[in-house]
1. Quickly run through region 118-143 and pick out the residues that are surrounded by 13 or more Cβ atoms within 10 Å (Cβ to Cβ) and outside any loop (DSSP other than H, G, I, E, B).
2. Among the listed residues Val157, Val141, which satisfies the condition of being among the β-branched types (Val, Ile, Thr), at pLDDT 90 or above and in contact with a strand residue (DSSP E or B) (Cβ under 7 Å, 6 or more places away or on another chain)?
3. Quick check on my filter: what residues within region 28-67 are among the basic types (Lys, Arg) and either free of Cβ contacts under 8 Å to residues at least 24 places away in the same chain or surrounded by 14 or more Cβ atoms within 10 Å (Cβ to Cβ) (or both)?
4. Give just the number: which of (1) under 30 Å from Leu11 (Cα atoms); (2) under 21 Å from the mean Cα position of the chain (by Cα) does Val96 not satisfy?
5. Output the number of residues of region 174-223 satisfying the condition of being closer than 29 Å to Leu110 by Cβ, touching a Ser or Thr at 6+ places or on another chain (Cβ under 9 Å) and not basic (Lys, Arg).
6. Could you check how many residues of region 172-199 are under 27 Å from the mean Cα position of the chain (by Cα) and basic (Lys, Arg)?
Amino acid sequence: MSKRLPPVSALRGFEAAGRLGSFSKAAEELAMSQSAVSHQIKSLEDFLGQPLFKRINRSAVLTDAGYDLLGTVEACLRQLEDGVRRLEQYKKPGQVIVSVSHAFASRWLLPRLPQFRAQHPDLDVWLYTTDQPMDFERQEVDLSIWLGDGKWPGLEVTKLFEEDLMPLCAPPLLNGRRLEQPGELLDFTLLHDERREDWRSWFAKAGVAATPPVAGPNFSDSGLLLQAAADGQGMALGSLLLAADDLREGRLVVAYDLPLKSKLSYYTVCADRNLARPMIRSFHDWLIVAARDSRATDGISETGARKKP
């Protein structure tokens, strides 16, 4: 440990005393004697070269410096406890750690995990939701599902889905109106997905000369974008793949049937060596089959386009 950092034991005694406002209550919580807590705090004050408490009768009142330090110590101990607790996951046999975006996890993967569990009852999936690529050399991740161009040298990459983006909205937003021209979408509030092709690309493909407005809510999560559209907050240029359940159940409708092919696709990504492990290979192969079945069930073609009814 760095010489500039005090012992963790002293920080625990300080945190308990500062939070409870009492050395005796801190001692009771930590199953220590009051003198031991006092000694820890005195050693911490000596280390820092300034008092952290005002001793008033039987109370322990934090100094200004003590208040400042308490917030830092509480946050650090909480993060340390969370980190230690997470280590328990590594003791579980048959666990596959999968990193995936929140949008893809909640709207496609999570509803299908019971199928995987039924086929592989001895395997458990730990979902780690993030939009950031994983470093398989440094991070404990077995397999990822990434949205991108598929160009990740040195990694095992398999395409799951291409996809199309389409103007989507809640049925009440149209109020029975049938849009005849793409330019009519400019009458609505447009919702924007920060990570994808924007409305400008769609209107250019549709041949609309007018510049689409940049006003309207922005979302970094494609799932939240679709949720806002389903709530009637505006028109989304949304993923047909992620919106499949909403479209099937009528929470969303296609406002104008002109797809924009995304430049990005969904891929499984992992280190080559990982696929040599049977449980990771099992999950990888299940994903491939589930994606194929999803394309058939949800009316999405292999290239991502929406099949005509």
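1. Passing the criteria: Asp124, Val125, Trp126, Leu127, Tyr128, Thr129, Leu143.
2. The conditions single out Val157.
3. Narrowing region 28-67 to residues among the basic types (Lys, Arg): 42, 54-55, 58.
Lys42, Lys54, Arg55, listed by residue number.
4. (1)
5. Adding up the residues that qualify gives 8.
6. Selection size over region 172-199: 2.
For every residue, the table says whether it meets (1) within 22 Å of Thr130 (Cα to Cα); (2) in contact with a strand residue (DSSP E or B) (Cβ under 8 Å, 6 or more places away or on another chain); (3) at pLDDT below 90.
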residue	(1), (2), (3)
Phe203	no, no, no
Ala210	no, no, yes
Pro213	no, yes, yes
Phe219	yes, yes, no
Gly223	yes, no, no
Gly238	yes, yes, no
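The values are calculated or read from the model by the stated rules, or taken from the named source; none is laboratory data. The structure presented is a predicted model; accordingly, all values stated were derived computationally and were not measured. Here Cβ is always computed from backbone atoms with ideal geometry, including for glycine, and neighbour counts include all displayed protein chains.
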